[in-house]
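The values are calculated or read from the model by the stated rules, or taken from the named source; none is laboratory data. Because the structure is predicted, anything quoted here is derived from the model rather than measured. Quick reminder, even Gly has a Cβ in these numbers, built from the backbone with ideal geometry, and neighbours come from all protein chains shown.
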Amino acid sequence: MIMRLVNRLRYCLVAAIPAIALAACSSGSDGVQTGPPPEVSSIIIDAVPTADAAGLYIAQDNGYFAKQGLKVTIDRINGGEYGLGDLQTGNAQLIEGNYVSFILAQAAGKFAAPNPTNPTQVEPVKPINMRLIADSSQMQAGNQALYVLPSSPYKTVRDLVKHHVKVGVNSLHNIGSVLLGSLLTANGFKVDALTQVPEILPLMPQLLDQHKIRAAWLPEPFGTEAQQEYGAIQVADFNQGSLQNFPIGTIAGTASWVQSHPNTVAAFLRAYNEGQQVADTDRAAVEAALVAHTGVTKEIAATMTLDTYPLVMDVPVMQRVADAMYEFRVLSKPFKIATMIQPEQGEIMK
């Protein structure tokens, strides 16, 4: 049985994908394929265009996937829950998005994907069963914050609650609910003291400027964009209290696809881990990747705050997400994140 907690400098993966996929840890220094060839040569991964996906973008731009015999197409989505519909239909094999979306769907065992053009409408409910294969990002100060315009009369969390201000989020009952729930609780309010309204994430800085929303949860790079382009100011940084260094991004696929494509997963992870290592050590590379893939300007990329980009799947750290979801009433009962991690042959997950 492999260790659940490992030093990130000594191992490239912890916990639990099919045993052959652990070959991802042994990629050669030149990035050339070192394991069995992938079962398929081309895959699609949906990704939310935020700083959380920097390692993915770098792996693509630096040719790490190509060196592993994979053609990877990255499709942009508004939130992780939008990619779940693509997993259900087979239009995508993997998703990079936030943990909350995936845990919610897994806990329910079924999912109704939001309409890609109208987030207030949903598609028909379908069964879903997923596995997580990588931890892509963890929050740092300034990565995720609550913003208002400089002319706003609402300067504090108390002001927002007192005046029943609606907060723009990319989707309802999702990561915004966890972050806002923690912030509200820390300030002595109920977790649902602020109403959330769903909006298209890349449009939220502009919607804030147009007064179509009065406050907005914004991850990077959209927070810095709102500050630089519209003068927005932070009411509160979400990287505080119990959510400091909180896991944000992960990569998921359906259980059936992950289990039936162990060599493809291993090849993907060999390349992806190279991208993660660059992302965590080379800010210039992250900036270039975000300019190319998210559409932010060089000025925004140069001044925005960055996540950290893990090289390990640390199960107790990942469990913090499920625990916070339960604490802040996004989940109705506790959930074990280990049930979403594919065990090695003969391994018992606890």
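Checked against (1) surrounded by fewer than 23 Cβ atoms within 10 Å (Cβ to Cβ); (2) in a helix (DSSP H, G or I); (3) under 18 Å from the mean Cα position of the chain (by Cα), residue 185 passes all but condition (3). With respect to the stated conditions, residue 295 fails to be crowded, with 24+ Cβ neighbours inside 10 Å and either acidic (Asp, Glu) or assigned by TED's automatic domain parsing to the domain that holds residue 104 (or both). The residues on offer are 132, 87, 160, and the sole one that is assigned to a helix (DSSP H, G or I), touching a residue at least 40 places away in the same chain (Cβ under 8 Å), more than 24 Å from residue 236 (Cβ to Cβ) and not hydroxyl-bearing (Ser, Thr, Tyr) is 87. For segment 108-116, the count of residues that are farther than 22 Å from residue 313 by Cα and in a helix (DSSP H, G or I) is at least one. Among residues of segment 281-294 that are without any contact (Cβ under 8 Å) to a residue 24 or more places away in the chain, those with a Cβ under 7 angstrom from a residue that is of a type outside the set (Gly, Ala, Ser), sequence gap 6+ or separate chain, pair up as 283/306; 291/298. Which members of segment 191-214 meet the condition of being touching a residue at least 60 places away in the same chain (Cβ under 8 Å) and more than 20 Å from residue 248 (Cβ to Cβ)? The answer is 192, 208, 209, 211, 214. Being surrounded by fewer than 24 Cβ atoms within 10 Å (Cβ to Cβ) and modelled with pLDDT of 95 or more is not true of residue 240. Scanning segment 307-329 for residues that are modelled with pLDDT of 95 or more and of a type in the set (A, V, I, L, M) yields 315, 317, 318, 321, 322, 324, 325. Looking across segment 251-279 at every residue that is among the aromatic types (Phe, Trp, Tyr) and surrounded by 24 or more Cβ atoms within 10 Å (Cβ to Cβ), the one that is farthest from residue 69 (Cα to Cα) is identified as 272.
Every test in (1) of a type in the set (Phe, Trp, Tyr); (2) closer than 26 Å to residue 234 by Cβ; (3) surrounded by 24 or more Cβ atoms within 10 Å (Cβ to Cβ) is passed by residue 154 save one, and that test is (3).
Is it true that some residue in segment 167-178 is in contact (Cβ under 8 Å) with a residue 24 or more places away in the chain, hydroxyl-bearing (Ser, Thr, Tyr) and either surrounded by fewer than 17 Cβ atoms within 10 Å (Cβ to Cβ) or out of contact with any helix residue (DSSP H, G or I) (no Cβ under 9 Å at 6 or more places or on another chain) (or both)? No, segment 167-178 contains no residue that is in contact (Cβ under 8 Å) with a residue 24 or more places away in the chain, hydroxyl-bearing (Ser, Thr, Tyr) and either surrounded by fewer than 17 Cβ atoms within 10 Å (Cβ to Cβ) or out of contact with any helix residue (DSSP H, G or I) (no Cβ under 9 Å at 6 or more places or on another chain) (or both).
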